[in-house]
Amino acid sequence: MTLSLAGGLSDDEVAARVAQGKTNDVPTRAARSVSEIVRGNVFTRINAILGVLLIIVLSTGSVINGAFGLLIVANSAIGIIQELRAKQTLDRLAIVGQAKPLVRRQSGTQPRLPSEVVLDDVIELGPGDQIVVDGEILEEANLEVDESLLTGEADPIAKDAGDAVMSGSFVVAGTGAYRATKVGREAYAAKLAEEASKFTLVRSELRSGINKILKFITYLLIPAGLLTIYTQLFTTEAGWQQSVLRMVGALVPMVPEGLVLMTSIAFAVGVVRLGRRQCLVNELPAIEGLARVDVVCADKTGTLTENGMRVSDVEKLDAAAVPDVLAQLAADDPRPNASIAAIAEAYRMPPGWTATATAPFKSATKWSGASYGGHGNWVIGAPDVLLDPGSAVAAEAERIGAQGLRVLLLGSSDLPVDAPGAPGVVTPAALVVLEQRIRPDARDTLDFFATQKVSIKVISGDNAVSVGAVAGSLGLHGECMDARHLPEETAALADELESHTTFGRVRPDQKRAMVHALQSRGHTVAMTGDGVNDVLALKDADIGVAMGSGSSASRAVAQIVLLDNRFATLPYVVAEGRRVIGNIERVSNLFLTKTVYSVLLAILVGLAGLSAKLFGSDPLLFPFQPIHVTIAA
């Protein structure tokens, strides 16, 4: 590492690294190539069964009786077209939702695609940014990185200059810059992308069920075929060609190839329909999985309410220059969250103070602040965290929050914000009241889930009373609880989750624990969210649903990404999954009935043939040839 690299690479240095192949050539989102897609859809169990029967028929010289072989072509074509269309949709939508790291070069600092990053590039970091390649920290300001996706350790790790960072982790607080030391397939992110972003048809209950049926039928085909060919050859006067054709005619309708065809069509239509609604499905079985969900854990901010807010009121509590302090705090935040952005919009004239220390907002502490030397130490955050919950100011904040408003406390501290004991003793200066805009389609979405017998659990890091008020305004009734009083033991936590509907002041590790507790009671859980603090729960839920405008880390671990940022898209996903399941279940009844009928017919004809040989009765020809049963198959 050289310090000159902190300014970024020149265009000539970038070109030299590209020529040397030192680029971030990560696998594409749909990792299978066209040839792999073709092979994967041609060499299947169903095609193997039909292919063997087709070869047997063609050996007799009767091409017309091999017409059922067209089903091999149809099954393969549907599967190939389905996956190619889905691959195209995923690639197109992934470009929209793809995280773009902020790369610093001598020609300028700008967002670039991960594939454009080269070795030794300098990449800037801020809260919510995912680390896309392995690297070494060059600059940092209160930088903390969550490496839980790599190590399973939920506590953020403070990073100093010279420390290593791994791709796959993400920033939870502070800012900084790092130099790329491993790119492309050498970086850990490439392995994560190849494993998590691959377009796949596995882990589907529908497909695994059909495969079990096909496996069982494979074992039936052998004795049924031997019995049929024996009776047709040795108890009738039919030649070997006719005997073989009638044997295949007995076996073809046993194979539910039509069921496989209908399943492929249903999944293909589902992918295309959801793609048109700007719903990025990272894993195809997520469509089916969300249809089986019976509990949805919804984050309030960004899901039930819009990300944007506005300052509706400021209630001064002392004679401090509150507007100046608010304007300066907002101006000094390089990566403002929605609350600070609303304050910055309302107070646009900072006094120009110089910060001697800063403390970024963290989900765990619920406050941020800055020290301005002679102008004092100022913090802004949750009133019930910065103050004694029993104080008069905290009670007033609780009263305002009960109206569904977000309340922040601005206060002065007796300690610098970077001191070990910060924030210390906080003296209230003002209550900043922010108005959250409820999504216009949120109520209809909640009503839909209610009619579908899907429970909603609203989980938020905001004040519990405020969360409960928002949920109540949407018609979501039930007990509200402050998550700081939740038990840690899984069984006790599950009890509380069964009896309460909304939860406030939830820590990131608690969100994950809630998902585990619900799963321990046999629930299939979907988790929605858009922030860094939702990542752990999104990763461990049965179905993770992220918003397209959310953090790159949340999009990276979710199975479904709503690129239009509309919570109201979820009912369409659920309806699509249930449509697929319902259609396939109805079709499966028809085809399995046909399979049972075909097995019984083959056995009865075979037993009749054996009876004819033993007792000298009239021989019995199998009544069908393959051409007769092809359409029914």
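The values are calculated or read from the model by the stated rules, or taken from the named source; none is laboratory data. Predicted model only: the values in this text are computed from it and were never measured. Cβ atoms come from the backbone with ideal geometry, glycine included; neighbour counts cover every protein chain shown. Side chains included, ligands, DNA and RNA excluded: accessible areas come from the protein's heavy atoms. Shrake-Rupley method; radii C 1.70, N 1.55, O 1.52, S 1.80 Å.
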Pull up all non-local amide H partners of residue 357: gap of 5 or more, or a different chain, and H-to-H distance under 5 Å with H placed in the peptide plane.
-> 371
Output ³J(HN,Hα) for segment 326-339: one whole-Hz value per residue in order, computed from phi by the Karplus curve 6.51 cos²θ - 1.76 cosθ + 1.60 with θ = phi - 60°, and x for Gly and Pro.
-> 4, 4, 6, 4, 5, 5, 8, 8, x, 10, x, 7, 4, 5
Calculated from backbone phi, Karplus (6.51, -1.76, 1.60) coupling profile of segment 604-611 in Hz, x at Gly/Pro = 5, 5, x, 5, 5, x, 5, 5
Among 366/457; 300/366; 22/362, which pairs are too far apart, with a Cα-Cα distance over 25 Å?
-> 22/362
Accessible area (Å², 1.4 Å probe, nearest 10) - residue 490 | 70
Taking H placed 1.01 Å from N in the peptide plane, check which residues at least 5 places from residue 163 or on another chain put their amide H under 5 Å from its amide H.
-> 137
Go through 227, 589, 73 and say which Cα lies farthest out towards the positive end of the charge dipole of the chain; charges sit on Cβ, +1 for Lys and Arg, -1 for Asp and Glu.
-> 227
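What's the local net charge at residue 436, with K and R +1, D and E -1, over the other residues with C-beta under 15 Å away? Before the final figure, lay out each step's value.
Numbers: positive: 300, 310, 406, 437, 439, 443; negative: 299, 306, 313, 345, 435, 462, 530.
So the surrounding residues net to -1.
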Round to the nearest 0.05 the FRET efficiency obtained for residue 312 and residue 492 when R0 = 30 Å and r is the Cβ-Cβ distance.
-> 0.20
By the C-alpha gyration tensor axes a ≥ b ≥ c (rounded if a/c is under 1.5, else prolate when a/b exceeds b/c, else oblate), the shape of segment 450-497 is oblate
Is the shape of the chain rounded, prolate or oblate, going by the alpha carbon gyration tensor and its root eigenvalues a ≥ b ≥ c, with a/c under 1.5 for rounded and a/b larger than b/c for prolate?
-> prolate
Using modelled amide H (1.01 Å from N, peptide plane; none on Pro or chain starts), what sits under 5 Å from the amide H of residue 462, excluding residues fewer than 5 places away?
-> 505, 506
So the carbon and sulfur contribution to the accessible area of segment 312-407, 1.4 Å probe, in percent, is 54
Integer Hz, Karplus 6.51/-1.76/1.60 couplings in order for segment 478-483, x for Gly and Pro = x, 6, 10, 9, 7, 5
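Calculate the dipole size of the chain relative to its Cα centre from +1 charges on Lys and Arg beta carbons and -1 charges on Asp and Glu beta carbons; express the result in debye to the nearest 20.
Here the chain has a charge dipole of around 3100 debye.
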Counting other Cβ atoms within 10 Å, which trypsin sites (Lys or Arg not before Pro) in segment 199-267 have at most 14 and lie in a DSSP loop?
-> 203
Report the antiparallel proportion of the DSSP beta bridges in the chain as a percent, rounded to a multiple of 5.
-> 70
How far is helix 508-520 tilted, in degrees, relative to the longest principal axis of the Cα atoms in the chain, given as a value from 0 to 90 rounded to the nearest 10?
-> 30
Would you list which aspartates and glutamates come within 14 Å of residue 212, measuring only between C-alpha atoms, while excluding same-chain residues fewer than 8 positions from it?
-> 257
Please identify every one of the GluC sites (Glu not before Pro) in segment 482-511 that sits in a loop by DSSP and has no more than 12 other beta carbons within 10 Å of its own beta carbon.
-> 488, 489
Relative contact order for the chain: what is it in percent, counting Cα pairs under 8 Å that are at least 6 residues apart?
-> 17
